[in-house]
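The values are calculated or read from the model by the stated rules, or taken from the named source; none is laboratory data. Keep in mind it's a predicted model, so treat the numbers as computed, not measured. Heads up, the Cβs are rebuilt from the backbone with ideal geometry, glycines too, and the neighbour counts pull from every protein chain shown. The area values use the complete protein model at the heavy-atom level, side chains included, leaving out ligands, DNA and RNA. Shrake-Rupley method; radii C 1.70, N 1.55, O 1.52, S 1.80 Å.
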Amino acid sequence: MIRIATPDDLPVLHALVRELAAYEKALDEAVASEAQLAEALFGDRPAAYAHVATADDGSGEVIGFALWFLNFSTWRGVHGIYLEDLYVRPERRGGGHGKALLTELARICVERGYERLEWSVLDWNAPSIAFYESLGARPQDEWTVYRLTDGALASLGAGTP
């Protein structure tokens, strides 16, 4: 049901990323190309990793994915996993694929001595929040995510905020 993504999965991974962006009401922000995903996941210096969930019918059809990368906790002194995207096609939800993807990432954390598996969820996404909390995940309400992009990032990078 769960396996490491391969370069052959790139077309479906790209499609799933776009489906997730549409679900999150931000399709216009999903500008990554398939080539960019290929470089990030399978290039000379991979910066991200992906696992895919496949249909239970033996077809091998990819129906969901988890894309993640390593983070680091200075407080704990060890790496962790940051889950960038978790998505299972709506018509395939409820079959345990999302839980299996998270279970695999948790297994990797335990095996490698990583002490955190973290991700963000949109505050309006009640079904996902309920799912995550059913697994024992808890929100980090005291932290607020900040982001620099586009012009603000370019300006700061140029030393002209």
Q | the chain: most fluctuating residue of Val62, Val121, Val31 per GNM, C-alpha cutoff 10 Å | A | Val31
Q) Rounded to the nearest whole Å³, what is the per residue volume of the convex hull around the Cα atoms of segment 1-156? A) 151
Q: Taking every pair of alpha-carbon atoms in segment 1-50, give the share separated by more than 16 Å as a whole percent.
A: 41
Q) So what's the Cα pair-distance distribution over segment 31-98, bin width 5 Å, in %? A) 4, 15, 18, 20, 17, 15, 8, 3, 1
Q: With a/c under 1.5 counting as rounded, go ahead and sort segment 91-157 into rounded, prolate or oblate using the C-alpha gyration tensor (a ≥ b ≥ c being the square roots of the eigenvalues; past the cut-off, prolate if a/b is larger than b/c, else oblate).
A: prolate
**Q.** Net lengthening on full extension, Asp123/Arg93 (0.36 nm per residue, minus Cα-Cα)
**A.** 8.8 nm
Q) Considering only protein heavy atoms and a 1.4 Å probe, what is the carbon-and-sulfur percentage of the accessible area of segment 1-142? A) 53
Q. Where Rh is the Kirkwood radius over the Cα pairs of segment 120-161, the temperature 25 °C and the viscosity 0.890 mPa s, what D in µm²/s does Stokes-Einstein return?
A. 191
(Q) Let's test the formula: R0 of 25 Å, r as the Cβ-Cβ distance of Thr160 and Thr74. What FRET efficiency results, to the nearest 0.05? (A) 0.25
Q.
If you count only protein heavy atoms with a 1.4 Å probe, what accessible area per residue comes out for segment 1-102, rounded to a whole Å²?
A. 55
**Q.** Proximal charge balance of Ala48 [Cβ under 12 Å; K/R count +1, D/E count -1]
**A.** -2
Q: Calculate, for Met1 and Val145, the FRET efficiency according to 1/(1 + (r/R0)^6) with r their C-beta to C-beta distance and R0 25 Å; round to the nearest 0.05.
A: 0.20
Q. Across segment 91-98, in residue order, what do the Karplus-derived ³J(HN,Hα) couplings come to in whole Hz, using 6.51 cos²θ - 1.76 cosθ + 1.60 with θ = phi - 60° and x for Gly and Pro?
A. 6, 10, 5, x, x, x, 5, x
Q) What does the accessible area of Glu91 come to, in Å² to the nearest 10, when a probe of 1.4 Å is used? A) 130
